[in-house]
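One structure below.
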Ligand code: SER
């Protein structure tokens with residue numbers, strides 16, 4: 001290759017694409033940083049001998065002439081976005097299959113120069129990406145709701161998103177993406193249209209000021225142009241059906257309402273919004289989420305085929321376009337296959353996207369029903385994209401295991417048939433562009449998590465890289481970054497070891513992969529010994545990891561001396577403790593050799609201690625849980641005595657985690673709303689640090705000790721005493737509704753003969769509604785009532801997946817599912833009735849005055865109205881699953 005003494009001339013064709021031009025400039029910049037003299041398209045003469053780098057598309061006349069003049073024969077035939085880079089004695093040719101290919105050829109050489117400090121001596125590579133879409137996303141969202149607004153509703157304004165208008169920040173971010181050869185950028189927002197387009201028919205829908213509107217037009221123009229130069233397609237994501245706030249107010253309707261049917265007005269408004277957007281931003285793609293504020297798959301089909309696609313077509317027609325730009329469809333909260341089957345006949349260029357394993361990284365061996373969804377979608381023949389969604393189990397510590405990520409990308413291809421990657425920020429999605437690290441100025445996620453982006457992008461480009469070569473590659477990357485040479489290997493080991501901890505723990509002990517749970521805030525004993533009470537998200541265990549046992553299953557098999565199946569809880573805690581030990585040992589080995597980026601290294605090192613403390617905390621809790629669950633069968637108090645030291649020890653590890661995080665982290669989870677339920681509610685931004693969790697875990701230990709002491713004292717009062725619920729009178733708008741007093745022998749439905757066999761003590765005596773099941777099967781249940789004080793309405797959900805029964809509130813697919821505090825099970829297995837599934841009671845809180853309880857189609861029970869300020873002890877009454885099943889979680893309350 002060229003030498004630092006010899007000047008370099010990068011020559012690009014007469015009318016180069018913006019991408020080739022950008023690539024040439026980027027390469028020139030990197031060469032200069034490394035001590036080369038570089039010009040672009042300088043006039044050459046006999047006296048001035050340049051080392052020449054030619055950049056263009058392979059097929060161009062210019063490129064062909066240059067190749068023959070320089071006597072370089074190119075044989076490689078790269079596909080889309082691919083390139084050939086070949087050097088001769090005094091020249092280097094970079095030919096792209098297309099404009100992106102020319103760009104990526106330059107990036108390839110630039111990255112080699114960055115890595116080695118010099119141009120490669122000689123090179124002959126032909127390369128092209130494996131995945132066709134390689135993208136990252138940014139949440140144009142916040143950790144909390146804006147005043148007067150609800151989930152996902154964040155107009156684009158400088159007040160809410162100062163960073164959105166920061167051009168330098170965009171350039172930094174886009175440069176990071178292009179250096180990683182990523183080609184798509186997704187912006188996630190509920191309803192972006194009313195910030196970006198004006199509608200002739202609905203001028204009042206605009207929800208930003210004229211001044212902001214101009215700024216939005218300007219910055220969107222800037223962003224898309226800068227992205228395009230870097231080969232990046234900008235895609236705007238939106239939820240449905242969300243309306244602009246002024247539009248909704250004008251029409252006296254809600255901005256979003258899951259139970260609202262499609263109306264001509266909202267369809268017309270949305271169709272026109274989309275058309276205007278396509279017309280105004282012809283280079284921006286759309287990613288459509290048919291939810292969460294929309295119910296029924298039939299409505300999803302109708303909305304997509306009769307509103308969204310026609311909106312896109314209207315916009316294209318305005319531009320006189322006859323092509324079909326891609327529309328991407330999310331599988332979230334819809335039946336994507338059903339929608340695709342209906343939509344493909346009217347629009348061909350559809351892509352599908354589904355969450356890889358939900359909202360957490362849990363495995364590189366995905367399977368089960370969610371794996372089947374991926375397969376069904378990829379088999380449609382269009383491009384299917386795996387979405388590495390919110391990393392609810394990785395927030396907020398650093399994550400960058402090259403091994404885990406490499407294997408995951410292989411699984412995307414092999415298990416899912418996916419050929420695209422959509423990557424979320426590693427942490428703090430709701431708080432972009434920052435991380436949760438304490439300190440001023442705050443760290444930028446794109447900088448802190450550089451290894452997150454570079455690992456995923458590297459394997460999205462090529463998942464077939466040889467593992468041994470990869471160890472060398474990352475050793476050098478990390479060795480260079482921290483100036484620790486070959487000890488980069490130890491840093492990689494620390495990442496690989498720590499990188500197993502959160503995935504293994506969540507898939508084996510978690511309640512959900514969704515952001516309803518923040519794993520790294522720990523779990524309560526009640527959640528470990530009776531996870532069902534917290535409603536394990538259906539499909540999670542089957543889909544998000546290898547086959548194995550829950551702790552509660554393990555304990556039963558252990559007691560019955562039955563063989564264990566697959567990955568066991570005991571195996572996993574042993575493994576994570578070992579991962580924690582190895583991660584810290586490795587990082588300590590590297591520490592002595594670090595000569596660069598010291599401050600970041602200390603933070604990374606601290607994260608390794610955090611992970612170790614967390615693994616140790618979990619290990620002790622699971623061991624305590626195993627003894628407690630044994631007691632469930634043995635009734636031997638010695639088993640509970642055996643659990644105590646483990647629980648005490650777990651608290652010591654938690655205290656050390658508090659120490660490691662107190663000065664280093666602002667929070668664990670970036671979604672700081674009441675949608676977070678596990679380990680505990682995140683209402684009003686509470687319970688987001690390890691220090692805040694400490695008193696809860698201390699209380700758990702105290703409760704256990706207290707209950708244990710009572711158990712040992714035979715004269716003590718009945719342990720599981722429950723307080724009756726305080727009935728509240730309400731006036732029902734519909735006088736025809738039948739009521740009854742909850743008691744054994746009472747009939748549950750007006751038109752069915754099921755009667756109560758057993759019922760939880762605290763429900764007895766409440767005034768319940770005897771609703772007609774036939775009506776519930778066909779229409780929503782709407783109960784309007786007036787109350788003089790705030791009330792909780794007790795709603796009984798029948799535990800069955802049958803579509804005849806109302807399905808319980810599901811935060812995983814409906815962020816509004818806790819608006820009335822209804823997300824949690826208050827009393828599990830509260831009622832037994834012959835041949836009906838067991839009943840879980842949830843509560844809906846209402847203020848005083850006139851209220852309406854709306855339940856979607858499906859049978860459910862309304863079991864009473866009670867004082868909203870009375871605390872309800874969450875418990876499992878154990879009725880309904882055959883005989884009364886003893887549960888042991890009460891020991892911790
Ligand atoms: N859970 C929400 C979704 O999947 C937020 O990311 O869209």
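If you go through the range 668-681 one residue at a time, do you hit one that is over 17 Å from residue 515 (Cβ atoms), modelled with pLDDT of 95 or more and within 21 Å of the chain's Cα centre (by Cα)? Reasoning before the result, please.
If we filter the range 668-681 for residues that are over 17 Å from residue 515 (Cβ atoms), which is where we start, we get none.
No - not one qualifying residue is present in the range 668-681.
Scanning the range 219-248 for residues being away from the ligand (no atom under 16 Å from the Cβ) and closer than 21 Å to residue 854 by Cα gives a total of 2.
Pairing residues of the range 319-336 that are free of Cβ contacts under 8 Å to residues at least 12 places away in the same chain with residues that are surrounded by 23 or more Cβ atoms within 10 Å (Cβ to Cβ), at Cβ distances under 9 Å and at least 6 apart in sequence or on separate chains, gives no pairs at all.
Looking at residue 840, is it touching a residue at least 24 places away in the same chain (Cβ under 8 Å), over 27 Å from residue 153 (Cα atoms) and in a strand (DSSP E or B)? Reasoning before the result, please.
On the way: touching a residue at least 24 places away in the same chain (Cβ under 8 Å): yes; over 27 Å from residue 153 (Cα atoms): yes; in a strand (DSSP E or B): yes.
Spelling it out, residue 840 is indeed touching a residue at least 24 places away in the same chain (Cβ under 8 Å), over 27 Å from residue 153 (Cα atoms) and in a strand (DSSP E or B).
The set of residues from the range 5-26 being under 43 Å from the mean Cα position of the chain (by Cα) and not in a helix (DSSP H, G or I) comprises 10, 12, 15, 16, 17. Checking every residue in the range 439-452 against the condition of being buried (at least 22 other Cβ atoms within 10 Å of the Cβ), away from the ligand (no atom under 16 Å from the Cβ) and more than 30 Å from residue 288 (Cβ to Cβ) gives at least one match.
Of everything in the range 282-307 that is assigned to a loop (DSSP other than H, G, I, E, B) and at pLDDT below 95, the residue that is farthest from the ligand (Cβ to nearest atom) is 282.
Taking the criterion of being within 22 Å of residue 532 (Cβ to Cβ) and at pLDDT below 95, would at least one residue in the range 779-795 satisfy it? Show your work before the answer.
Step one: filter the range 779-795 for residues within 22 Å of residue 532 (Cβ to Cβ), giving 794-795.
Now narrow it down to the ones that are at pLDDT below 95: none.
No, every residue in the range 779-795 fails to be within 22 Å of residue 532 (Cβ to Cβ) and at pLDDT below 95.
When residue 439 is tested against (1) at pLDDT below 95; (2) in a strand (DSSP E or B), exactly one condition is not met: (2).
One line per residue, one yes/no per condition, for (1) in contact (Cβ under 8 Å) with a residue 60 or more places away in the chain; (2) outside any helix (DSSP H, G or I); (3) under 28 Å from the mean Cα position of the chain (by Cα):
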| site | (1), (2), (3) |
| --- | --- |
| 557 | no, no, no |
| 561 | no, yes, no |
| 577 | no, no, yes |
| 580 | yes, no, yes |
| 599 | no, no, no |
| 627 | no, no, no |
| 631 | yes, no, no |
| 642 | no, no, no |
| 648 | no, no, no |
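Selection over the range 308-338 of residues that are within 16 Å of the ligand (Cβ to nearest atom) and either surrounded by fewer than 17 Cβ atoms within 10 Å (Cβ to Cβ) or in a loop (DSSP other than H, G, I, E, B) (or both) gives a count of 5.
Against the list (1) over 30 Å from residue 840 (Cα atoms); (2) touching a residue at least 60 places away in the same chain (Cβ under 8 Å); (3) surrounded by 23 or more Cβ atoms within 10 Å (Cβ to Cβ), the condition residue 593 fails is (3). Do we find that residue 156 is in contact (Cβ under 8 Å) with a residue 12 or more places away in the chain, in a loop (DSSP other than H, G, I, E, B) and on the phi > 0 side of the Ramachandran plot in this structure? When the stated conditions are applied, residue 156 does not pass them. Name the single residue that is farthest from residue 19 (Cα to Cα) among those in the range 77-98 being out of contact with any strand residue (DSSP E or B) (no Cβ under 7 Å at 6 or more places or on another chain) and surrounded by fewer than 21 Cβ atoms within 10 Å (Cβ to Cβ). In this case the residue turns out to be 89. Here is the figure for the range 40-54: residues that are on the phi < 0 side of the Ramachandran plot and exposed (fewer than 15 other Cβ atoms within 10 Å of the Cβ) total 7.
Away from the ligand (no atom under 16 Å from the Cβ), over 21 Å from residue 550 (Cβ atoms) and more than 27 Å from the chain's Cα centre (by Cα): is that true of residue 472 in this structure?
On the way: away from the ligand (no atom under 16 Å from the Cβ): yes; over 21 Å from residue 550 (Cβ atoms): yes; more than 27 Å from the chain's Cα centre (by Cα): yes.
Criteria met by residue 472.
Screening residue 891 against (1) in contact with a helix residue (DSSP H, G or I) (Cβ under 7 Å, 6 or more places away or on another chain); (2) crowded, with 22+ Cβ neighbours inside 10 Å; (3) closer than 25 Å to residue 770 by Cα leaves a single unmet condition, (3). Selection of the range 802-831 for residues being assigned to a strand (DSSP E or B) and surrounded by fewer than 22 Cβ atoms within 10 Å (Cβ to Cβ) yields only 805.
Would you confirm, using the coordinates I've provided, whether residue 406 is under 30 Å from residue 164 (Cβ atoms) and away from the ligand (no atom under 16 Å from the Cβ)?
Values: under 30 Å from residue 164 (Cβ atoms): no; away from the ligand (no atom under 16 Å from the Cβ): yes.
So residue 406 does not fit the description; no.
Residue 65 falls short on exactly one of the conditions (1) closer than 23 Å to residue 6 by Cα; (2) without any contact (Cβ under 8 Å) to a residue 40 or more places away in the chain; (3) not in a loop (DSSP other than H, G, I, E, B), and that condition is (1).
Scan the range 241-250 and tell me whether some residue there is touching a strand residue (DSSP E or B) at 6+ places or on another chain (Cβ under 7 Å), more than 25 Å from residue 319 (Cβ to Cβ), touching a residue at least 40 places away in the same chain (Cβ under 8 Å) and buried (at least 22 other Cβ atoms within 10 Å of the Cβ).
If we filter the range 241-250 for residues that are touching a strand residue (DSSP E or B) at 6+ places or on another chain (Cβ under 7 Å), which is where we start, we get none.
Taking every residue of the range 241-250 in turn, none turns out to be touching a strand residue (DSSP E or B) at 6+ places or on another chain (Cβ under 7 Å), more than 25 Å from residue 319 (Cβ to Cβ), touching a residue at least 40 places away in the same chain (Cβ under 8 Å) and buried (at least 22 other Cβ atoms within 10 Å of the Cβ).
Restricting attention to the range 350-365 and to residues that are more than 16 Å from the ligand (Cβ to nearest atom) and touching a strand residue (DSSP E or B) at 6+ places or on another chain (Cβ under 7 Å), the residue that is farthest from residue 503 (Cα to Cα) turns out to be 350.
Take the range 371-406 and flag every residue that is assigned to a helix (DSSP H, G or I) and touching a helix residue (DSSP H, G or I) at 6+ places or on another chain (Cβ under 9 Å). Scanning the range 371-406 gives 371, 372, 373, 374, 376, 377, 402, 403, 404, 405, 406. Answer with yes or no whether residue 368 is surrounded by fewer than 24 Cβ atoms within 10 Å (Cβ to Cβ), at positive phi and either within 16 Å of the ligand (Cβ to nearest atom) or modelled with pLDDT under 95 (or both). No; evaluated as a whole, the condition is false for this residue. The residues of the range 841-866 that are within 25 Å of residue 789 (Cα to Cα) and under 32 Å from the mean Cα position of the chain (by Cα), listed by number, are 841, 842, 843, 844, 845, 846, 853, 854, 855, 860.
Within the range 259-270, take every residue that is touching a helix residue (DSSP H, G or I) at 6+ places or on another chain (Cβ under 7 Å) and buried (at least 21 other Cβ atoms within 10 Å of the Cβ) and give me the one that is farthest from residue 325 (Cα to Cα). Here the answer is 269. Among the residues of the range 531-571, those identified as in contact with a helix residue (DSSP H, G or I) (Cβ under 9 Å, 6 or more places away or on another chain), within 30 Å of residue 819 (Cα to Cα) and surrounded by fewer than 23 Cβ atoms within 10 Å (Cβ to Cβ) are 531, 532, 533, 538, 539, 541, 542. Applying the condition of being surrounded by fewer than 17 Cβ atoms within 10 Å (Cβ to Cβ) and over 23 Å from residue 210 (Cα atoms) to the range 127-167 and asking which residue is farthest from the ligand (Cβ to nearest atom) yields 130.
The values are calculated or read from the model by the stated rules, or taken from the named source; none is laboratory data. None of these values were measured; they are calculated from a predicted model. All Cβ positions, even for glycine, are placed from backbone atoms using ideal geometry, and neighbour counts span all protein chains on display.
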